[in-house]
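Here is the structure we will look at, set down as structure tokens.
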Amino acid sequence: MTGGLLRWGDALIGTLAAAIVLTAFVLAYSPSGDARVLVISQAGAEPRHEPLDRARVLEIRGPAGITRIEIEPGRARCAESPGRQDICEASGWLQAHGEVAVSLPNRLTLQVLGTEPGFDSMHY
Amino acid sequence: MGTPAGDPRAGSDARDRAIAALAAIAIGIQILEAAIPSPVPGIKPGLANIVTLITLLVLGWRAAVAVTLIRVVGSSLLLGTLLSPAFWLSLAGAVASLVLLAALRPFTPRHVGPVGLAIAAAMGHITGQFLLAWAIIIPHPNLPLVLPPLLLAALIAGSLTGILTAQVLADPRIQRHVRKPAPSS
């Protein structure tokens, strides 16, 4: 019964609406995960901003030794750090906006930032 | 489009009564719907929109505006949300969907049927609500991330209410009360 009631305008509106929904999903969710910048903050020093554009290794000297930071396009990690519990290394690759790795012995935090902030939490 | 059959002033009492009856049905539907628990807050089928669409297609644009505004105010009075954020959100959605329905008015009888109207109205409804929420009620930069699922829900709900509207309009028991039958050309 409803089949005959659809007109071309209905199909057009339906298609347009579907396109809007798809575009909204793509726009809202695609750039959210990309980390663009690594912020290296060390006690007593200015935060350093390193763009995550090409692969390289940084070595940051701290009170307990050297923290080796690996940077790859879109992600970064704490590859080696003097902490005995390997907490900094255990944070793994930082690739979503806001992810953090910390080395307490070297008084160092690493955080990646993207353009679009992701969710912290959602509640109603 | 309205009822070109006859003088619009003639039988305005009957027209007013029809608007009142339709608004009462819409309020009833909206309140029933408010009582149904929803798995996701903010998402509901919007069945009261069926009444707006039927009013639009049978009695015309002005009657649809009247029924919708009476529904928003009347149901908020009964639910106790008058002038609360829920009321403003409801009003913003209603106004936005009415604006879209007005924009589609030139195409209404011939090229766009109830399904297209319902989808447009549902999308307009959620967009209006969202803009109000984002601009005034919860101006949070991350709020747009909630919009895509809401738009998807609106698309689905709009299609459903559109199909239901078409079914209701085709029902002979409804047709009997309709002075001018639903446009079928």
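Across segment B:26-53, the qualifying residues are those that are touching a residue at least 60 places away in the same chain (Cβ under 8 Å) and more than 23 Å from B:Q167 (Cβ to Cβ), and the one among them that is nearest to the chain's Cα centre (by Cα) is B:G42. The listed residues are B:T68, B:T52, and the only one of them that is under 12 Å from B:A121 (Cβ atoms) and in contact with a Lys or Arg (Cβ under 8 Å, 6 or more places away or on another chain) turns out to be B:T52.
Tally up the residues in segment B:99-129 that are in contact (Cβ under 8 Å) with a residue 40 or more places away in the chain, part of a helix (DSSP H, G or I) and over 15 Å from B:T165 (Cβ atoms), please. Residues in segment B:99-129 being in contact (Cβ under 8 Å) with a residue 40 or more places away in the chain, part of a helix (DSSP H, G or I) and over 15 Å from B:T165 (Cβ atoms): 3 in total. Flag: A:L58 does not match the condition of being surrounded by fewer than 18 Cβ atoms within 10 Å (Cβ to Cβ) and free of Cβ contacts under 8 Å to residues at least 12 places away in the same chain. Looking only at residues in segment A:12-35 that are buried (at least 16 other Cβ atoms within 10 Å of the Cβ) and at pLDDT below 90, the one that is farthest from B:H111 (Cα to Cα) is A:A35. On the basis of being part of a helix (DSSP H, G or I) and polar (S, T, N, Q), does A:T67 make the cut? Judged against the criteria, A:T67 is not a match.
When B:L56, B:L132, B:L69 are checked against the criterion of being in a helix (DSSP H, G or I), touching a helix residue (DSSP H, G or I) at 6+ places or on another chain (Cβ under 6 Å), in contact (Cβ under 8 Å) with a residue 12 or more places away in the chain and surrounded by fewer than 24 Cβ atoms within 10 Å (Cβ to Cβ), a single residue qualifies: B:L132. Within the span defined as segment A:40-52, one or more residues are touching a Gly at 6+ places or on another chain (Cβ under 9 Å), exposed (fewer than 15 other Cβ atoms within 10 Å of the Cβ) and more than 10 Å from every other protein chain (Cβ to nearest Cβ). Taking the stated definitions as given, is B:L79 surrounded by 15 or more Cβ atoms within 10 Å (Cβ to Cβ), under 21 Å from B:P148 (Cα atoms) and modelled with pLDDT under 95? Answer is no for this residue. Give the residues of segment A:70-90 that are part of a loop (DSSP other than H, G, I, E, B) and within 13 Å of the chain's Cα centre (by Cα), sorted by residue number. Of everything in segment A:70-90, those that are part of a loop (DSSP other than H, G, I, E, B) and within 13 Å of the chain's Cα centre (by Cα) turn out to be A:P73, A:G74.
Looking at segment A:9-21, can you tell me whether even one residue there is of a type in the set (A, V, I, L, M, F, W, C), within 20 Å of the chain's Cα centre (by Cα) and either away from every other protein chain (no Cβ under 12 Å) or at negative phi (or both)? Among the residues of segment A:9-21, not one is of a type in the set (A, V, I, L, M, F, W, C), within 20 Å of the chain's Cα centre (by Cα) and either away from every other protein chain (no Cβ under 12 Å) or at negative phi (or both), which makes the answer no.
Screening B:T127 against (1) among the hydroxyl-bearing types (S, T, Y); (2) under 13 Å from B:A23 (Cα atoms); (3) within 14 Å of chain A (Cβ to nearest Cβ) leaves a single unmet condition, (2). Of the residues contained in segment B:154-174, one or more are found to be at pLDDT below 90 and surrounded by 22 or more Cβ atoms within 10 Å (Cβ to Cβ).
Screening B:S38 against (1) closer than 23 Å to B:L147 by Cβ; (2) buried (at least 24 other Cβ atoms within 10 Å of the Cβ) leaves a single unmet condition, (2). Among all positions in segment B:87-102, there is at least one residue which is closer than 18 Å to A:L16 by Cβ and crowded, with 23+ Cβ neighbours inside 10 Å. Going through (1) over 18 Å from the mean Cα position of the chain (by Cα); (2) touching a residue at least 24 places away in the same chain (Cβ under 8 Å); (3) within 21 Å of B:V99 (Cα to Cα) one by one, B:I137 falls short only on (3). What residue, among those in segment B:150-170 that are closer than 21 Å to A:A24 by Cα and without any contact (Cβ under 8 Å) to a residue 12 or more places away in the chain, is farthest from the other protein chains (Cβ to nearest Cβ)? Across segment B:150-170, the extreme among qualifying residues is B:I156.
The values are calculated or read from the model by the stated rules, or taken from the named source; none is laboratory data. Being a predicted model, the structure only gives us computed values, none of them experimental. Cβ atoms come from the backbone with ideal geometry, glycine included; neighbour counts cover every protein chain shown.
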